[in-house]
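Enquirer: One structure, as structure tokens, below. Some questions next.
The values are calculated or read from the model by the stated rules, or taken from the named source; none is laboratory data. Just so it is clear, the model here is predicted, and its values are computed rather than measured. All Cβ positions, even for glycine, are placed from backbone atoms using ideal geometry, and neighbour counts span all protein chains on display. To get the accessible areas, we keep the full protein, side chains included, count just its heavy atoms, and leave off ligands, DNA and RNA. Shrake-Rupley method; radii C 1.70, N 1.55, O 1.52, S 1.80 Å.
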Amino acid sequence: MDRRWWQGATLYQLYVRSWQDSDDDGYGDLRGIISRLDYLEWLGVDGIWLSPTMPSPDQDWGYDVSDYLGVHPELGTIDDLDALIKAAGQRGMRVLLDLVPNHTSSQHPWFVESAASRQSPLRDYYVWADPMPGGGPPNNWLDFTGQSAWEPDATTSQYYLHNFLRAQPDLNWWQPAVHEEFRRILRFWFDRGVAGFRIDVAQGLYKDALLRDNPPSADDGPLAGRFGLRSVYSENRPEVHGVYRDWRSIAESYDPPRLLLGETWVDDLRQLAAFYGQDDELQLAFNFPLVFAGFSADSLASIVASTLAALPASGCPVWTASNHDVSRFPSRWCGGDDAKVKLALLVLSALPGSLVLYYGDEIGMTDVAVPPELARDTFGGQSGHPGRDRARTPMQWDDSASGGFTAPGIRGWLPSGDAAARNVAAQRHDPGSVLSFCREALSLRRERADQPPQGYERLPAPPGVWRYAAGELIVTANFTDRPVGLPAPVGKVLLSTAGDRGQADPAALAPWEGVISGPVR
Ligand code: NOJ
């Protein structure tokens, strides 16, 4: 079991800058995490994924790495990271880091050297190309803001590729030396006891060798197309799978094997499944179609069924609903309604596979409207996007002015949400709170973690109700505003979003109520 500890596990994504400040500079840090590990242990978390911790000029808050072997001074030191890994380990929790292999910072020494001249020994570490005959960018690719993905460079009269910000040049994975660099980086962190990596832009590494134009796309959903183009040639190339086979063999050479969790931003579940390979690529791949699904019985059930049908028999699904790039699910799906937040936590926590919570999910933290003058995300405001700060605000620990995130009188790097309305301290002692419910759901999940990942079946239920079997558990979730008849529970009700069902009609589910039933162990 230890060899696949992530199966049935709960991971917790922790946006380091926003979780706990220990040195009163308004930024969360590694020492702050150590001081709050008892909370995560109490909650029932098996592992934490830290948003980028490496040195960075922070044009994209750590997703522009300038040194892959270090720790960002604002977040702490490498000794702090070692101490965190050790302290988490003592509480039975593993630590995953965020790895950014698609691009570096333009201030990374590799890029500085690469950009120095066409003859630079590192020139091919990045994607350089000549202008089109007659001038202009080499092809029609667009970056994630909708501008050309090509930046002209006056010194060498070529363009370099950046699928994200101009300050994030894309690495050239056709260059074998880049592979060697990342093998070294993987081993460096695995040797220090890092349990694995969340891999940023996992589908993106290779680009079409001929740099062909992307075709137009009629579909402009968040996953399918970008600004009227389908990213056929600028990402998702078949060669990327070789990278993960290579990394998997490195991960498997450790005991326990290290975990590779891909940020696989694809809309097609067959493409998602391909990242698991023949159980020789990523062990986990994020499911974005679920993130962007509607909050309804049919919409969620249909993604779950298609995912499980697409994944190879050995593939462990991973379920998550929020992260630092999208609106938080308690806002996006639930409109801030606690009953709905509990229902979402219930249906996700009972599914077979791995569960990834985003910090604050457990207290139903909602998006925060960050005024433009306090915005920190460079992406915000571009192409009409609301920006990503709304889901990155400080963790709400208590009802003090700083929400317990930083010392009184210190201004956090982003404004806090309404900590008086939702915070850990108040919810911890309230048996009816989202936090108490989440903890119970995680505890039930842990108790039944020995269930086979494939033991899922949708069961017949009235319209608007999602009823499924997961191993020996039966989940019945009412996604409607009216009470519905509860089909005879199989076994005892083990958990209800409505709390103690003592007073409830045993034959009906309240609006937005969900229950898990099963044999008592
Ligand atoms: C995905 C990350 O989650 C996002 O925050 C970042 O901006 C891009 N990748 C580029 O690294």
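Enquirer: Name the residues in the range 164-173 that are under 21 Å from the mean Cα position of the chain (by Cα) and open to solvent by 10 Å² or more (accessible area, probe 1.4 Å), would you?
Expert: Of everything in the range 164-173, those that are under 21 Å from the mean Cα position of the chain (by Cα) and open to solvent by 10 Å² or more (accessible area, probe 1.4 Å) turn out to be 164, 165.
Enquirer: Continuing with this model, one more query. Would you confirm whether any residue within the range 308-323 is within 16 Å of the ligand (Cβ to nearest atom), outside any loop (DSSP other than H, G, I, E, B) and at pLDDT 95 or above?
Expert: Checking the range 308-323: at least one residue is within 16 Å of the ligand (Cβ to nearest atom), outside any loop (DSSP other than H, G, I, E, B) and at pLDDT 95 or above.
Enquirer: Give the residues of the range 235-258 that are within 16 Å of the ligand (Cβ to nearest atom) and part of a loop (DSSP other than H, G, I, E, B), sorted by residue number.
Expert: Selection gives 235, 236.
Enquirer: Being surrounded by fewer than 20 Cβ atoms within 10 Å (Cβ to Cβ), over 21 Å from the mean Cα position of the chain (by Cα) and within 18 Å of residue 354 (Cβ to Cβ), is that true of even one residue in the range 256-270?
Expert: Yes.
Enquirer: Also, quick follow-up: What number of residues within the range 123-143 are touching a residue at least 24 places away in the same chain (Cβ under 8 Å) and over 16 Å from residue 208 (Cα atoms)?
Expert: Total meeting the criteria: 1.
Enquirer: For the range 25-52, which residues satisfy the criterion of being within 14 Å of the ligand (Cβ to nearest atom), in a loop (DSSP other than H, G, I, E, B) and in contact with a helix residue (DSSP H, G or I) (Cβ under 7 Å, 6 or more places away or on another chain)?
Expert: The first filter runs over the range 25-52 and keeps only residues within 14 Å of the ligand (Cβ to nearest atom), leaving 49-52.
Still in the list and also in a loop (DSSP other than H, G, I, E, B): 51-52.
The one that is within 14 Å of the ligand (Cβ to nearest atom), in a loop (DSSP other than H, G, I, E, B) and in contact with a helix residue (DSSP H, G or I) (Cβ under 7 Å, 6 or more places away or on another chain): 51.
Enquirer: Starting from the range 78-104, take each residue that is within 13 Å of the ligand (Cβ to nearest atom) and list its partners that are part of a helix (DSSP H, G or I), counting only C-beta distances under 7 angstrom and pairs at least six apart or across chains.
Expert: 101/182; 104/110; 104/111
Enquirer: Suppose we filter 380, 360, 364, 335 for residues that are over 13 Å from the mean Cα position of the chain (by Cα) and at pLDDT below 95; which single one remains? Reasoning before the result, please.
Expert: On the way: 360 fails: at pLDDT below 95; 364 fails: at pLDDT below 95; 335 fails: at pLDDT below 95.
The match here is 380.
Enquirer: Can residue 292 be described as surrounded by 21 or more Cβ atoms within 10 Å (Cβ to Cβ) and within 16 Å of the ligand (Cβ to nearest atom)? Walk me through it before giving the result.
Expert: Numbers: surrounded by 21 or more Cβ atoms within 10 Å (Cβ to Cβ): no; within 16 Å of the ligand (Cβ to nearest atom): yes.
No, not satisfied.
Enquirer: Still on this model: For the range 399-409, does any single residue satisfy the condition of being within 18 Å of the chain's Cα centre (by Cα) and either under 21 Å from residue 13 (Cα atoms) or buried (at least 16 other Cβ atoms within 10 Å of the Cβ) (or both)?
Expert: No: the range 399-409 contains no residue that is within 18 Å of the chain's Cα centre (by Cα) and either under 21 Å from residue 13 (Cα atoms) or buried (at least 16 other Cβ atoms within 10 Å of the Cβ) (or both).
Enquirer: Based on what the data block shows, is residue 232 among the aliphatic types (A, V, I, L, M), more than 16 Å from the ligand (Cβ to nearest atom), surrounded by 14 or more Cβ atoms within 10 Å (Cβ to Cβ) and in a loop (DSSP other than H, G, I, E, B)?
Expert: yes
Enquirer: Hey, another quick one. Can you pull out the residues in the range 195-209 that are farther than 30 Å from residue 92 by Cα and not hydroxyl-bearing (Ser, Thr, Tyr)?
Expert: Correct list: 203, 204, 205, 207, 208, 209.
Enquirer: On to the next question. Under 8 Å between Cβ atoms, at least 6 apart or on separate chains: pull out the pairs that start in the range 156-183 with a residue that is without any contact (Cβ under 8 Å) to a residue 12 or more places away in the chain and closer than 16 Å to residue 100 by Cβ and end on any residue that is open to solvent by less than 30 Å² (accessible area, probe 1.4 Å) and within 12 Å of the ligand (Cβ to nearest atom).
Expert: Note: no pairs meet the criteria.
Matching residues to (1) open to solvent by 30 Å² or more (accessible area, probe 1.4 Å); (2) within 16 Å of the ligand (Cβ to nearest atom):
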| position | (1), (2) |
| --- | --- |
| 175 | yes, no |
| 178 | no, no |
| 202 | no, yes |
| 205 | no, yes |
| 218 | yes, no |
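Enquirer: Looking only at the range 261-289, which residues are under 21 Å from residue 52 (Cα atoms) and away from the ligand (no atom under 16 Å from the Cβ)?
Expert: Here is the first cut: in the range 261-289, the ones under 21 Å from residue 52 (Cα atoms) are 261-265, 282-288.
Correct list: 283 only.
Enquirer: Then there is this: For residue 345, only one of the following conditions fails: (1) touching a residue at least 60 places away in the same chain (Cβ under 8 Å); (2) away from the ligand (no atom under 16 Å from the Cβ); (3) farther than 30 Å from residue 498 by Cα. What is its number?
Expert: With (1) touching a residue at least 60 places away in the same chain (Cβ under 8 Å); (2) away from the ligand (no atom under 16 Å from the Cβ); (3) farther than 30 Å from residue 498 by Cα applied to residue 345, the lone miss is (3).
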